[in-house]
Amino acid sequence: MSYDIRLEIDTGGAGPACLTETLSPTYNLGPMFSLALGCGLRELSGKTAAECLPILRAGVAFMEDKPSECKALNPANGWGSYEGALQTLRTMVSQCSQHPKATLVI
């Protein structure tokens, strides 16, 4: 199983339009995301990209500063990794920076 993460914006039409590609990191990375972000990844769902940016940037900084702590949470089954989790957060920072009024949906 995996998360489905995307940014959506209300365009005034029949429904929200997806602005970004969907990211799909494995649920096995949940503990690593929680450690880095200080909250569960799903807690960001429904917030604007601008609201999420400080949390996501802090998560990237944490992972870059403390890789050994994060790598200790690499899933034993091999599904997911520190590198993949860090890349997911970096991509989220990029997407949220580009679309600050969008809503994060997880």
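The values are calculated or read from the model by the stated rules, or taken from the named source; none is laboratory data. Just so it is clear, the model here is predicted, and its values are computed rather than measured. No Cβ is skipped: glycine too gets one built from the backbone with ideal geometry, and neighbour counts run over all protein chains shown. For the accessible areas, the whole protein counts, side chains as well, though only heavy atoms, and no ligand, DNA or RNA atoms are used. Shrake-Rupley method; radii C 1.70, N 1.55, O 1.52, S 1.80 Å.
Does the stretch 68-97 hold any residues that are without any contact (Cβ under 8 Å) to a residue 60 or more places away in the chain, in contact with a strand residue (DSSP E or B) (Cβ under 8 Å, 6 or more places away or on another chain) and of a type in the set (A, V, I, L, M, F, W, C), and which are they?
Residue satisfying the conditions is W79 alone.
Contact list please: Cβ distance under 8 Å, first residue in the stretch 52-67 and under 16 Å from S81 (Cβ atoms), second residue open to solvent by 40 Å² or more (accessible area, probe 1.4 Å) and in a helix (DSSP H, G or I), pairs at least six apart or on different chains.
Every condition considered, the pairs that remain are V60/R90.
Can you tell me how many residues within the stretch 12-58 are open to solvent by less than 30 Å² (accessible area, probe 1.4 Å) and among the hydrophobic types (A, V, I, L, M, F, W, C)?
So the count comes out to 13.
Somewhere in the stretch 59-68, is a residue closer than 20 Å to I9 by Cα and buried (at least 18 other Cβ atoms within 10 Å of the Cβ)?
So the first thing to find is which residues in the stretch 59-68 are closer than 20 Å to I9 by Cα, and the list is none.
No, the stretch 59-68 contains no residue that is closer than 20 Å to I9 by Cα and buried (at least 18 other Cβ atoms within 10 Å of the Cβ).
If you go through the stretch 1-23 one residue at a time, how many are under 20 Å from I55 (Cβ atoms) and among the small types (G, A, S)?
Here the count works out to 0.
Would you mind stating whether M63 is touching a helix residue (DSSP H, G or I) at 6+ places or on another chain (Cβ under 9 Å) and modelled with pLDDT under 95? Working first, answer last.
Working: touching a helix residue (DSSP H, G or I) at 6+ places or on another chain (Cβ under 9 Å): yes; modelled with pLDDT under 95: no.
For M63, the condition - touching a helix residue (DSSP H, G or I) at 6+ places or on another chain (Cβ under 9 Å) and modelled with pLDDT under 95 - is not met.
Restricting the search to the stretch 5-51, which residues are within 12 Å of Q95 (Cβ to Cβ), acidic (D, E) and free of Cβ contacts under 8 Å to residues at least 60 places away in the same chain?
The answer is E21, and nothing else.
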